[in-house]
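A.B. asks: This is the structure I want to talk about, given as structure tokens.
The values are calculated or read from the model by the stated rules, or taken from the named source; none is laboratory data. These figures come from a predicted structure and were not determined experimentally. Cβ atoms come from the backbone with ideal geometry, glycine included; neighbour counts cover every protein chain shown.
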Amino acid sequence: MRELIADPADLRPETPWSATKWAYVSEESLVDHDARPRLCVAALLPFRDRKPDWDGFIRCIEWMRAGAAHFGIEIVFVLNADTGYIFNLDEPTYGEVLRRFRDAFPEQRFIAGVTARGIEHDTSFRADRYHPLLDLAQVYDNCEVMLMTSRHLAALGPEQRRDAYCEIAERLQRPALVHALEPAFVHWATHFEPWLLRELISHPKFIGGKVSTLTEPHFLYWASLCHDLKPDFTPHSGDDFGLSTAVRLGLPLLVGAGASAAPLLCAAITMWQTGARGGNLDTRVYKLFEAIQSFEDVIFRFDRRGSAAAYKHSTAHALHLLGLLASPETHPECPDVRDQDEPARIREAMERPLRVAQALGIPGFKIPSA
């Protein structure tokens, strides 16, 4: 049997994760009770009567901030990412999201999603297509940017993709995260090869990265490689089907699941950390992990096309049931919508986390009429 690659220097652009030792590291070997990771919530941009519901947007942010403050968790809001309909937003609305957020929360740290604009007639990658959104985001302090994928970027081979990220980075004035996205969210997306991740880790302007995954445990691969390299680069989990993994590993979450379950996730992070504070671990945290995951498994379930992109509609229904939104509408140009029975499905999925929240005394997670 072929020996697995164990030295990052031996990686080549074509090396698959399956040929490396980092694809076989157990989650248990990376467990950390001491770390104090941040929770980065991909905020939903809600809609009402086909227009952004700005009151609902601010109300949801306040709800998530209250949960983080109660549990003493650092929270960062991810604006204009996939949960914020970045692929549907025009530039004026993109800018208005940032302005309204900053007006309401002058000191709150946020991460702005940025992607390519105006590529409809392009036949190859152009780094300058990222400039318009970068320029809108980078005027703000306490801001990071997340370089989201785009069709022509994702089509490049590993070496060309490395060079493309470096070219985009020439425009960076704020700390940046790179972003790997799997096809379950956008059909043309692709994961980072281990060589590409190693290359981006070494770039001085990239402070971390997010891997959005629902099928392969790529976040675990990232975590194990970074554990060995110990870089100034932090992997952020975008695995909405494996929410407890990042908590157990002491690494940040950057997830759309936070938009519907922020108080629960803040409670879980705090409960997990008690094992390092001279006290006994509250083992009810495992039941909380299960309750959160059972809920988000419904939110992020695949549709008939094998896509989870309609999770935004499910999230809006959950926030509507929690009394935070006046309407569960999606962006009017977003084709990813659930069926008419979605309110009942989400209400049923919420039953378990509602009971666990009540048993653990977690504030902020309750249906008003319940």
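A.B. asks: May I ask you to verify whether R352 is in contact with a helix residue (DSSP H, G or I) (Cβ under 9 Å, 6 or more places away or on another chain), of a type in the set (D, E, K, R) and buried (at least 16 other Cβ atoms within 10 Å of the Cβ)?
C.D. replies: yes
A.B. asks: Any residue at all in segment 65-74 that is closer than 26 Å to Y221 by Cα, under 24 Å from the mean Cα position of the chain (by Cα) and touching a residue at least 12 places away in the same chain (Cβ under 8 Å)?
C.D. replies: yes
A.B. asks: Of all residues in segment 77-109 being within 15 Å of G56 (Cα to Cα) and of a type in the set (G, A, S), which is surrounded by the fewest Cβ atoms within 10 Å (Cβ to Cβ)?
C.D. replies: This residue is A104.
A.B. asks: Given the criteria closer than 24 Å to F77 by Cα and either within 21 Å of the chain's Cα centre (by Cα) or charged (D, E, K, R) (or both), does K287 qualify?
C.D. replies: no
A.B. asks: Here is a follow-up. From the set of residues in segment 1-37 that are among the aromatic types (F, W, Y) and part of a helix (DSSP H, G or I), which is surrounded by the most Cβ atoms within 10 Å (Cβ to Cβ)?
C.D. replies: W22
A.B. asks: Scan (1) of a type outside the set (F, W, Y); (2) more than 28 Å from D10 (Cβ to Cβ); (3) out of contact with any helix residue (DSSP H, G or I) (no Cβ under 9 Å at 6 or more places or on another chain) for the single condition S244 breaks and write down its number.
C.D. replies: (3)
A.B. asks: For segment 118-143: of the residues being among the acidic types (D, E) and in a loop (DSSP other than H, G, I, E, B), which is modelled with the lowest pLDDT?
C.D. replies: E120
A.B. asks: I'd like to check something: does segment 39-50 contain any residue that is farther than 30 Å from L324 by Cα and acidic (D, E)?
C.D. replies: No, segment 39-50 contains no residue that is farther than 30 Å from L324 by Cα and acidic (D, E).
A.B. asks: State all residues of segment 205-230 that are part of a loop (DSSP other than H, G, I, E, B) and either modelled with pLDDT of 95 or more or in contact with a Ser or Thr (Cβ under 7 Å, 6 or more places away or on another chain) (or both); if no residue qualifies, say none.
C.D. replies: Residue satisfying the conditions is K205 alone.
A.B. asks: State which residue pairs qualify: first residue in contact (Cβ under 8 Å) with a residue 12 or more places away in the chain and within 17 Å of G238 (Cβ to Cβ) and inside segment 290-304, second residue crowded, with 22+ Cβ neighbours inside 10 Å and aromatic (F, W, Y) in any location, beta carbons under 6 Å apart, and separation of 6 or more residues or different chains.
C.D. replies: Within 6 Å, the pairs are I299/Y311; F300/Y311.
Conditions (1) in a loop (DSSP other than H, G, I, E, B); (2) surrounded by 21 or more Cβ atoms within 10 Å (Cβ to Cβ); (3) in contact (Cβ under 8 Å) with a residue 60 or more places away in the chain, marked per residue:
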{"site": "A116", "(1), (2), (3)": "yes, yes, no"}
{"site": "V145", "(1), (2), (3)": "no, yes, no"}
{"site": "L153", "(1), (2), (3)": "no, yes, no"}
{"site": "L156", "(1), (2), (3)": "yes, no, no"}
{"site": "C166", "(1), (2), (3)": "no, no, no"}
{"site": "L177", "(1), (2), (3)": "no, yes, yes"}
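A.B. asks: Here's something else I'd like to know. Just one of the numbered conditions (1) in a helix (DSSP H, G or I); (2) out of contact with any Lys or Arg (no Cβ under 8 Å at 6 or more places or on another chain); (3) not β-branched (V, I, T) is not true of F57; which one?
C.D. replies: (2)
A.B. asks: Here is a follow-up. Within segment 179-192, which residues are within 27 Å of L98 (Cα to Cα) and part of a loop (DSSP other than H, G, I, E, B)?
C.D. replies: E182, F185, V186, A189
A.B. asks: Residue by residue through segment 181-190, note down the ones that are surrounded by 20 or more Cβ atoms within 10 Å (Cβ to Cβ) and either touching a helix residue (DSSP H, G or I) at 6+ places or on another chain (Cβ under 7 Å) or farther than 20 Å from V255 by Cα (or both).
C.D. replies: Hit for segment 181-190 is F185, nothing else.
A.B. asks: Let me ask something else. Within segment 315-339, restricting attention to residues that are of a type in the set (D, E) and assigned to a loop (DSSP other than H, G, I, E, B), which residue is surrounded by the fewest Cβ atoms within 10 Å (Cβ to Cβ)?
C.D. replies: My answer is D339.
A.B. asks: For the structure I just gave you, tell me whether T274 is in contact with an Asp or Glu (Cβ under 7 Å, 6 or more places away or on another chain), more than 30 Å from R50 (Cα to Cα) and of a type in the set (S, T, Y).
C.D. replies: yes
A.B. asks: Mind telling me which of the residues R100, R109, R48 ends up being more than 23 Å from C266 (Cβ to Cβ) and free of Cβ contacts under 8 Å to residues at least 60 places away in the same chain?
C.D. replies: R100 is the lone residue from the list that is more than 23 Å from C266 (Cβ to Cβ) and free of Cβ contacts under 8 Å to residues at least 60 places away in the same chain.
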